[in-house]
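Values in this text are rule-based calculations from the coordinates and carry no lab data. Remember, predicted model here, so these are calculated numbers, not experimental data. Positions of Cβ are generated from backbone atoms using ideal geometry, with glycine treated the same way; all protein chains shown enter the neighbour counts.
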Amino acid sequence: MPDDDLPIGRLLLHAHRRAQAASLARLQASGYADVRLGHVPVLTALAEDAEMRITDLAAKAGMTRQMAGRLVRELESLGYLATRPDPGDQRAVVAALSPRGTAFLAAAPAAMSAVDEDFAALLGADDLARLRAALVKIADS
């Protein structure tokens, strides 16, 4: 099926993946080469809460507890997270951003803005503004 015939939802998914990959590539080039796309939901979930139990993190990131636990261990070994036992339940683990994790999230808006600039160069300012307006309508519906 040619791209012109793809359903809008599929095109949005492809565009979303393109934007994610481009943003991550910029972040990787700026000193975060060890972060993978699969790590991002864990990091962004912790951006809104100072610390979180793995079970809650999994629910917020939309993944299983097992996957969240694996990703938290990876991110801890890479220096993006710190973990400790939950004081209320010693069987549970609490994860929090480390200074490196906080720095990664602080760098993300600039990477996303750069991707927006790439899209503006591709589409032109007027088409990008129309696309943004259309996407806002879809997202708000």
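Here are some notes:
- Other-chain or far-sequence residues with amide H under 5 Å of ALA92's (modelled H): ASP86
- Residue-wise HN-Hα couplings along the range 28-44, as the Karplus relation 6.51 cos²θ - 1.76 cosθ + 1.60 with θ = phi - 60° gives them from phi, are 4, 5, 9, x, 10, 5, 8, 7, 9, 4, x, 6, 4, x, 5, 5, 5 Hz; Gly and Pro carry x.
- For the chain, the Kirkwood estimate of the hydrodynamic radius, built from every pair of different alpha carbons, is 16.9 Å.
- With R₀ fixed at 41 Å, the C-beta to C-beta distance from GLN66 to ALA125 puts the FRET efficiency at about 0.35.
- ³J(HN,Hα), Karplus 6.51/-1.76/1.60, whole Hz, each residue of the range 48-62, x for Gly, Pro: 8, 10, 4, 7, 7, 5, 4, 4, 5, 4, 4, 4, 5, 8, x
- More than 22 Å apart - percent of Cα-Cα pairs taken over the range 58-141: 51 percent
- Here the relative contact order of the chain, from alpha carbon pairs under 8 Å that lie six or more residues apart, stands at 22 percent.
- Counted by Cβ distance under 13 Å from ARG65, the other residues give a net charge of +4, where Lys and Arg count +1 and Asp and Glu count -1.
- Distance between the modelled labels on SER77 and ASP116, one decimal in nanometres: 3.7 nm (7 Å Cα→Cβ projection).
- Computed from point charges on the beta carbon alone (+1 for Lys and Arg, -1 for Asp and Glu), the dipole magnitude for the chain about its Cα centre is near 440 Debye.
- Distance (nanometres) between label positions extended 7 Å along Cα→Cβ at ALA92 and LEU105: 1.9 nm
- A Förster distance of 35 Å, applied to the separation of the beta-carbon atoms of LEU11 and GLU48, puts the FRET efficiency at 0.75.
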